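Here's the structure, in structure tokens; my notes come after.
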Amino acid sequence: MTPRSDGRRGEAGLPRIAVIGSGSWGTTFGKVLADGGAHVVMWARRAEVAQEIQEGHRNSEYLPGVNLPRTMSATAHLSEALDGASQVYLAISSQALRQNLKAVRPLVARSEAPIVSLMKGVEKRTGLRMSQVIEQELHCDPARIAVASGPNLALEIAREQPTAAVISSTSRATADAVARRARNTYFRTFVNTDVIGTEFGGVLKNLIAVAIGIVDGVGYGENTKASIITRGLVEMTDFAVAYGAQPETLQGLAGLGDLIATCQSPLSRNNTAGRLLGQGYSFQDVVKQMNQTAEGLASVAPVLQLAREAGVQMPIVEQVKMVLDGTMNPRDIAPHLTTDDDKPTGERTQHGQNGGGGALRRSLQRAFDQLRNGRGRAAGD
């Protein structure tokens, strides 16, 4: 059982942080926080997972072979996890978030602790982003909410391979506070105030990763993948900007950076789900085979509905939906360039612009600069 802590300090005077959700990403982020100098209390839905983290400092189901810090503990009781927490991180399936927050609400009602979303999805029923669901269910000031996103494959980070992420909040002070806490020698954090762009970057790249997985499963090569990634970034940017995002956010870690990592790695759950689809498995079979959540599968329909409402064309995502629905043979998925007609059009590599590859080069340079130039202080994304 997790020992209780008085106030907001944990073991040996360390700041006490709660992480709600003990899957691969939640546990990995808990490790990031603990390695950064916090006492982290994980909440696990299943008592046996909490017990293994608490007593064995392992989560062998989700992070095999990874030893967890001694400053990580765990409990199956929400009240114990949240007691005295100075920051609260949420790592729950996007489709289960609202229901779980109903139990969290009375436990944080008197707290001013920042609430940080680690999730990359939209609610299927409403099309809302995770920060919007948090605001609705916890009845809290949006300035208290932050989101984290970037090229963050859980197992690589758990193995302490260097990477970076973006912390975004409408309040720069909240973003800075979270970024200072969520960093260590192998995990760097940048900040911005573009919550819409940061969240949609994390959501939309999952859909493009499913498309990449499909063509990989079919057996297509690098030309096809590169075309889908490049055109997919255009779709992501058009969609996000239509809903109020800054285009440069989609060129940074939360957009291009996350897109590259998710599309090229076999560790990506969305890439894996797409690959199974490309190999001929049905949507139902893929869901059964995946023992972890592939957020992209649940996000396709609500994202396309939002795209139609905003008048944004997303031909790659449309084809992913057709494969999921069983109305398109995976072998027929192709990187359609912009529209369904045959009229030649300019290659837009940035929202609303035509021309050559300058914007893409700037996007790549920006992402690499962010990864290279991480410093001890939170820097602007």
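Counting neighbouring beta carbons within 10 Å and listing from fewest to most, the residues W43, W25 come out as W25, W43. Sorted fewest first by neighbouring Cβ atoms within 10 angstrom, V215, V287, V166 come out as V287, V215, V166.
Think of each Lys and Arg Cβ as +1 and each Asp and Glu Cβ as -1; about the Cα centre, that makes the dipole of region 10-165 roughly 440 debye.
Neighbouring Cβ atoms within 10 Å as the yardstick, rank K288, K120 fewest first. The partial results should precede the final answer.
Numbers: K288 10, K120 30.
The order, fewest Cβ neighbours first, is K288, K120.
Separation of region 151-215 and region 252-315, taken as the distance between their Cα centroids, equals 17 angstrom.
If R₀ is 25 angstrom, what is the calculated FRET efficiency for the pair R58 and E160, using the beta carbon separation as r and rounding to 0.05? Could you put the intermediate results ahead of the total?
Details: r = 16 Å, r/R0 = 0.63.
Once rounded, the FRET efficiency stands at 0.95.
Since only T224, S149, S169 are under comparison, the one whose Cα sits farthest along the positive direction of the charge dipole of region 148-231, derived from C-beta charges on Lys, Arg, Asp and Glu, is S169.
Which percent, nearest 5, of DSSP beta bridges in region 13-193 are antiparallel? Don't skip to the end; give the middle numbers.
On the way: 4 of 29 bridges.
Roughly 15 percent of the beta bridges in region 13-193 run antiparallel, per DSSP.
Mind running the shape call on region 13-193? Use the C-alpha gyration tensor, a ≥ b ≥ c as the square roots of the eigenvalues: rounded below 1.5 for a/c, prolate if a/b tops b/c, oblate otherwise. Cα axes put region 13-193 in the rounded bin.
Every number in this text was worked out from the coordinates using simple rules, so none of it is lab data. Just so it is clear, the structure is predicted and the values come from calculations on it, not from any experiment. Glycine also receives a Cβ, built like all others from the backbone with ideal geometry; neighbour counts cover every protein chain displayed.
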